[in-house]
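Following: one structure in structure tokens, then a few remarks.
The values are calculated or read from the model by the stated rules, or taken from the named source; none is laboratory data. Everything numeric here is computed off the predicted structure, so don't read it as measured data. With ideal geometry, Cβ positions are generated from the backbone for all residues, glycine too; neighbour counts draw on all protein chains shown. Heads up: the accessible areas ignore ligands, DNA and RNA and are worked out on the full protein's heavy atoms, side chains in. Shrake-Rupley method; radii C 1.70, N 1.55, O 1.52, S 1.80 Å.
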Amino acid sequence: MRYIGIIAGIVSVAAFIPQVIKIYMHKSAKDVSALMFLASSTGAALWVEYGFQHQSIEICATNMTILLLSTVALILMWRYR
């Protein structure tokens, strides 16, 4: 059943990639919600802690990657505002 966690992680991370690429390529974040990325960052950080507590590499890896992508998106949004 571990493969379900891995697939879920890949799909969850993949959902963030197009938005980060769009912000970077267009050098604009005017149509992107900073609040969504702030909420995602907060949720991902909490999930990372939960993953550590339960020793789940899938939860930790997925949410550390989401946290990284959300942080990059927020930095790009700030840079291109």
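In this structure, is residue 77 open to solvent by 90 Å² or more (accessible area, probe 1.4 Å) and part of a helix (DSSP H, G or I)? When the stated conditions are applied, residue 77 does not pass them.
For region 37-59, give me each residue that is open to solvent by 30 Å² or more (accessible area, probe 1.4 Å), among the aromatic types (Phe, Trp, Tyr) and within 22 Å of residue 72 (Cα to Cα). The one that is open to solvent by 30 Å² or more (accessible area, probe 1.4 Å), among the aromatic types (Phe, Trp, Tyr) and within 22 Å of residue 72 (Cα to Cα): 47.
Return the residue satisfying two criteria in turn: it lies in region 17-32 and is under 17 Å from residue 68 (Cα atoms) and free of Cβ contacts under 8 Å to residues at least 24 places away in the same chain, and of such residues it is surrounded by the fewest Cβ atoms within 10 Å (Cβ to Cβ). Once the filter is applied, the top-ranked residue is 18.
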